[in-house]
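Derivation of every value follows stated rules applied to the coordinates shown; laboratory data play no part. Here the structure is a predicted model, which means the values were calculated and not measured. So basically every Cβ, Gly included, is an ideal-geometry build from the backbone, and we count neighbours across all protein chains shown.
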Amino acid sequence: MRKSVVGATIALVSCLISMGLFSVNATANPRPFVIVDGKGDWFGAPGEPYTDIRLAQVIQKNSTHVKVVMMVDERIPLDPPTFMGFVWSFDMDKNGWWSTGPDLNVRVAYDIDFGWQAYLDRFDGNPGNIYTSLIVSKKRATVVLPLADLGTPSSFYWMATTVSANQELGEDQAPKYEPGFASWFSHP
């Protein structure tokens with residue numbers, strides 16, 4: 001019995017690693033870049049399952065690139081009925097959301113005229129970038145971007161959000177949204 005549980009655990013972890021849902025960091029980072037979010041915890045009115053975040057990640061892929069991933073509860077439509085998006089917000093100087101807002105956002109957005117696009121919003125007056133390394137597939141949105149676009153901070157705050165036009169499809173935030181202030185995930 002014990003051997004089958006250990007074997008099943010090893011098989012599960014191997015499967016998660018191969019799917020990119022679990023990573024092993026040899027540098028012993030004290031806080032992982034993964035947020036696991038509860039099911040059905042939209043802020044505001046309940047929405048579509050494809051706007052309900054289940055997992056969000058920021059992964060340093062190599063010395064030059066970062067991958068951001070968001071998984072939702074149900075398959076993401078290739079052609080949603082209205083504007084919707086997935087947003088990873090970064091507070092690089094850790095001064096908090098309400099004082100000045102995020103320093104930058106990585107967005108995956110669906111626009112009826114342009115389809116799915118990924119881009120960087122910068123709030124320092126510099127233009128953002130449009131990324132071609134975008135994948136929206138099944139229950140996951142993924143973007144790979146140059147590490148230099150995030151700068152080289154030793155620590156930062158980040159959060160993940162789903163958005164839609166007038167909250168028609170529902171909106172979610174990870175870490176869990178708390179009314180009156182934004183919740184940030186700290187690294188490290």
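Compared with the alpha-carbon gap, the fully stretched path from Asn62 to Gln117 is longer by 17.5 nm at 0.36 nm per residue. Computed over the range 68-173, relative contact order equals 33 percent, with contacts defined as Cα pairs under 8 Å that lie 6+ residues apart. Neighbour counting of Cβ atoms within 10 Å sorts the residues Lys139, Lys39, Lys61, fewest neighbours leading, into Lys39, Lys61, Lys139.
Near Lys39, which lysines are there with a Cα under 25 Å away, not counting those fewer than 8 places off in the same chain? Candidates past the 8-residue exclusion: Lys67, Lys138, Lys139, Lys176. Dipole magnitude for the range 58-148: computed about the Cα centre from +1 point charges on Lys and Arg Cβ and -1 point charges on Asp and Glu Cβ, it is near 420 debye.
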